Structure formats: structure tokens, C-alpha cells
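What follows is calculated from the coordinates using simple rules that are stated; it is not laboratory data. The structure displayed is predicted, hence computed values, not measured ones. Virtual Cβ from ideal backbone geometry, glycine too; neighbours counted across all protein chains shown.
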Amino acid sequence: MKLILLGAPGAGKGTQAEVICEKLSIPAISTGNIIREALKSGTEMGKRAKSYMDEGKLVPDEVVIGIIKDRLAQDDCKNGFILDGFPRTIPQAEALDAMGVVIDRVIDIEVPDDKIVTRMSGRRVCEKCGASYHLLYKKPQEEGVCGKCGGTLVQRKDDHPDTVKERLRVYHEQTEPLKAYYEKQGKLKIVEGQEEVADTTKLTLAAIEA
Ligand code: AMP
């Protein structure tokens, strides 16, 4: 199964990707996590991406397309994958098609903008493994500590309110047109993001199987 999770930043794509990848035994691939890893290790790509990311802008298409090409060529992607945060522009979607990757389903998780701004302030991520948590909706068992790897939970720099507003603006301008792109291909399913993570997961799984 080859899936794409679409949706605004903070709509819960990452959390859903983590749950679904375990259920379907396929890897979840987050370009955001790959870029943050590169940034931590100080690679050239990481350094190039940093200023875009910090300002809430998109990293240039050729950089993320290169990342995805390398990642999808790895062995664990043979039986399928979930793309979380890619594609985010029409040229990225076209690049995926040009690679010959046939996507089965595109799930768009929809949450209104005003809810997103509130949600983002409670979001925390593990600085070691990238797992996501939320102070209200997905609390870690031990405060400030990742239940998966014991890493420290932090707020992402780009989750601060001003950057979130810019990320939403960029989302509506550059990423939202992908809904029409995949609708035309007959692959789009819309899921209304729910307050409870488990409720969104139920709807997402139903949309995958529909
Ligand atoms: P995310 O963790 O998916 O919210 O991504 C965090 C940031 O990484 C985004 O705000 C962008 O700066 C960058 N990024 C991640 N994926 C992409 C993509 N497909 N295209 C461009 N920039 C991306």
C-alpha cells in the first residue's frame, strides 16, 4: 500500500502516520524528520534547509525530491510506505509521478486554521527519535520524556505562533492545490480531524480501505 497523508501543518499527519505504519507494517516517511536529522548532523543539505524551515517556508523542490528519491529506493519501501509531508507542491507531486511511483490513496486530514494554531502550541516532539506528542491530546506517560526512546520532548522552533501562521499561509497557497491534483486521479479521500487521535485513526483506516 502506497499512501500519501495530506493536510495542514498540525492537522495530525505525523501522529496518524506513526499509528498506521505499525498497523500496516510499512515505513512512514517524513521529509520534515529527514531534514531535521540532517540539520542535527550538520550536513550540507541540513544547513541549506535550516533558514527556510525556521521561517516556515518550504525547502526548495529539488532538495526534497532528491531526499525522497533516495529514501524510496531503500529496501524497506518495497511493500509500500506512507508519505507524511511529501509532496507539498505540484512540482513535487509531478516528480513522484515521473519516478513511476503509483500511489494507491491520498488521505487529506482536515482541521480548521483556528484550531490548528491552538493545537500547535501544545505540540511536543522527541529531539532524539522525532516521535510526536501533545500536552492535551497525546500526553507522554512521563512528562517531558519520550515513551519510545527516552529522549527529551521539546517544542519545535517552527511551532511558535508567528511561524505557524506563515506555515498555514504557505500550506493554502502551495500545498492545498494538491487536493485537486489527486482528486483528478481519483485517489483523494477526506478525513475530518477529530479531537481524539484514536477517532481520527478509525476514520483514516476506513478511508484507506474504502
Ligand atoms: P514538517 O515536519 O512536515 O511540518 O516539515 C517541517 C518543515 O520542513 C517544513 O515547514 C518545510 O520547511 C520543510 N519540509 C518538509 N517537507 C517538505 C516538502 N515536501 N517540501 C518542502 N519543504 C518541506
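Brief remarks follow.
- Candidate set from segment 47-56 (those that are surrounded by 16 or more Cβ atoms within 10 Å (Cβ to Cβ) and touching a residue at least 60 places away in the same chain (Cβ under 8 Å)); member that is nearest to the ligand (Cβ to nearest atom): M53
- Only residues that are away from the ligand (no atom under 16 Å from the Cβ) and at negative phi were counted in segment 70-88, giving 7.
Residues checked against (1) buried (at least 18 other Cβ atoms within 10 Å of the Cβ); (2) on the phi > 0 side of the Ramachandran plot; (3) part of a helix (DSSP H, G or I):
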position: G14; (1), (2), (3): yes, no, yes
position: E18; (1), (2), (3): yes, no, yes
position: E22; (1), (2), (3): no, no, yes
position: I26; (1), (2), (3): yes, no, no
position: G32; (1), (2), (3): yes, no, yes
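- Every residue from segment 43-71 that is out of contact with any helix residue (DSSP H, G or I) (no Cβ under 6 Å at 6 or more places or on another chain) and more than 19 Å from H172 (Cα to Cα): T43, E44, K47, R48, S51, E62, V63, G66, I68, K69, D70, R71
- Any hit, segment 176-183, residues being in contact (Cβ under 8 Å) with a residue 60 or more places away in the chain, of a type in the set (A, V, I, L, M, F, W, C) and either touching a strand residue (DSSP E or B) at 6+ places or on another chain (Cβ under 8 Å) or assigned to a helix (DSSP H, G or I) (or both): yes
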